[in-house]
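**Student:** My questions all concern the structure below.
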Amino acid sequence: MEFLLVAIGCLAVGAVLGALVARSRQPQVVSPAAAADVDEVLPAAAEDVLAVLPDVYVIVDASDGVRRSSANASALGLIRAGELAHPVLRDLVRTVRRENTVRDLDLDVPRGPFGHERLSIGVRAGVLDRGLVLLLIEDRTQSRRVDETRRDFLVNVSHELKTPVAGMTLLSEAIDEARNDPEAVHRFSVRLRSESVRLSRLVQEIIELSRLQVSENLEQPVVVDVESCVRDALEHLRMVAQDREITVAFSPSGERPTVYGDPHLLTTAVRNLVENAINYSDPGTRVTVTVQADADLVSILVKDQGSGIPAADLDRIFERFYRVDAARSRRTGGTGLGLAIVKHICANHGGEVGVWSEEGQGSTFTIRIPAAHAPAEARQDSPQEATA
C-alpha cells in the first residue's frame, strides 16, 4: 500500500510539472513583482502529493527566496536564512527558470557550514508559474555510505577482534590446566571475565560505528535540547568520576539551545568525550563541560587537566582504533573507537569535533553543530515588496 501511494505521488508530481512546463516553452523574464503567491500557482492537490513523498521539496520564488519547504530541508542543511544554502542549487533554479524546462541533476554538496561531511543528492527542478520553481531532492548519502562501509568493515573487525579472542582462548586453556589449583582458577577467571567485558564493548562499539557511517539513525532528525543531552551524559558517568576522584562541572549557556538530530547519539558523543577526559586525568583534577550558543551554532566544550596529547598524535586521534597510550587504554577498557564515534556523530549532524591540547596542559575537545532553525514557511508579499 505504501509503495502504491509513493508511486502514485511520483506520477502526480511528474504530471504537475509536465503540465505546468507545457504552458510555455518560450524563455521568460520574470521580475520579483510578478511572482504570485504559492497558493495561487500550486494546484490544491499538488501540496497533498508533495506531503506524502519521501523526497525533500523546496519552492523558490522569482527572487530566489524559499517560499515553502518540507521540514527536513533545513535539517539537512539545504536551506539557511530563507534561501538555498548551496550556490549550485541556486544556479540550477535560475537555469530552469530561464529555460522554462525540467532538469535532473546529481550533486555532492557539504552537509553543514563546516566540517568535511557531504551529502549525495539527486535533484529534479521544474518551473511552476510566474517565477516559482519546485525542487524535489532525494538524499542518496546513506546508500553511498553503505557501500563504503562494507569495503573496510571486515578488515577492521578481524584485526581488532583477534587480540581479545586469542587472549580468551589462552585463559580458558590456563584455567583447564590449573583445575586443581583453586587460587589460580580464580585469578584466571577474573582476567577472562575482564577480557569478555572488553570484547563485548568492542563488538557493541563496532556495531554502533558501522550504523553511524550509513546514517541509519538520522533518517528523521528531530529538534534536540542540547543541555538535556549533556546532563544525561554526566549523570551516566557520575559514579565513574567519583570512583576516580575526578570533579566534573557543567556550565550551561542558559539559553536552552537546540539542534536537529538524534538525542541518543548526541548524548553518546558527550559521554564518550567526558569518559575519555576522566580516563586520562589524574585523581584530584577537574573536568569541565561548557555549552555555548549563538544564532547559528551550538558548541559543547569538554576540558580536562590531564597530561595532554603529543602534537604528533593530534591528527590521528579520531581514527578508528587509534590509541595514544595503548597501555592506559587497556587498563581503562578503552577500545580506540570512542573518538571515532564522536567524529561520525558530529558529521551526521552537519557539524564537526576538534581538539586543542598541549602536553602537560590538558586537552579541550569541542563539538560544533548548526543550531536548529524553524522550517521555511510561505512568505506573504507586502505592497512594498511587490513594487520593489
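The values are calculated or read from the model by the stated rules, or taken from the named source; none is laboratory data. Because the structure is a prediction, the values reported are computed rather than measured. Using ideal geometry, Cβ is built from the backbone for each residue, glycine included, and neighbour counts are taken over all protein chains shown. Side chains are part of the model used for accessible areas, which takes the heavy atoms of the whole protein and leaves out ligands, DNA and RNA. Shrake-Rupley method; radii C 1.70, N 1.55, O 1.52, S 1.80 Å.
**Student:** Inside the stretch 269-298, can you point out the residues that are touching a residue at least 40 places away in the same chain (Cβ under 8 Å), under 22 Å from the mean Cα position of the chain (by Cα) and buried (at least 19 other Cβ atoms within 10 Å of the Cβ)?
**Tutor:** Hits for the stretch 269-298 are A269, V270, N272, L273, V274, E275, N276, V289, V291, A293, V298.
**Student:** Please determine whether any residue of the stretch 91-110 is at pLDDT below 90, in contact with a helix residue (DSSP H, G or I) (Cβ under 6 Å, 6 or more places away or on another chain), among the polar types (S, T, N, Q) and farther than 18 Å from I345 by Cβ.
**Tutor:** Checking the stretch 91-110: not a single residue is at pLDDT below 90, in contact with a helix residue (DSSP H, G or I) (Cβ under 6 Å, 6 or more places away or on another chain), among the polar types (S, T, N, Q) and farther than 18 Å from I345 by Cβ.
**Student:** On the basis of being of a type in the set (F, W, Y), open to solvent by less than 30 Å² (accessible area, probe 1.4 Å) and modelled with pLDDT of 65 or more, does F365 make the cut? Write out each step before concluding.
**Tutor:** Values: of a type in the set (F, W, Y): yes; open to solvent by less than 30 Å² (accessible area, probe 1.4 Å): yes; modelled with pLDDT of 65 or more: yes.
So F365 fits the description; yes.
**Student:** Filter the stretch 106-134 down to the residues that are in a strand (DSSP E or B) and touching an Asp or Glu at 6+ places or on another chain (Cβ under 9 Å) and list them by number.
**Tutor:** Answer for the stretch 106-134, where residues must be in a strand (DSSP E or B) and touching an Asp or Glu at 6+ places or on another chain (Cβ under 9 Å): P110, R118, L119, S120, I121, G122, V123, R124, A125, V127, V133.
**Student:** State whether one or more residues within the stretch 125-138 are in contact with a Pro (Cβ under 9 Å, 6 or more places away or on another chain), modelled with pLDDT of 85 or more and not aliphatic (A, V, I, L, M).
**Tutor:** yes
**Student:** Taking into account only those residues within the stretch 57-105 that are assigned to a helix (DSSP H, G or I) and within 22 Å of G261 (Cβ to Cβ), which is most open to solvent (accessible area, probe 1.4 Å)?
**Tutor:** Step one: list which residues in the stretch 57-105 are assigned to a helix (DSSP H, G or I), which gives 72-75, 87-99.
Filter again for within 22 Å of G261 (Cβ to Cβ), leaving 72-75.
Numbers: N72: 55, A73: 0, S74: 20, A75: 11 Å².
Checked the stretch 57-105; the qualifying residue most open to solvent (accessible area, probe 1.4 Å) is N72.
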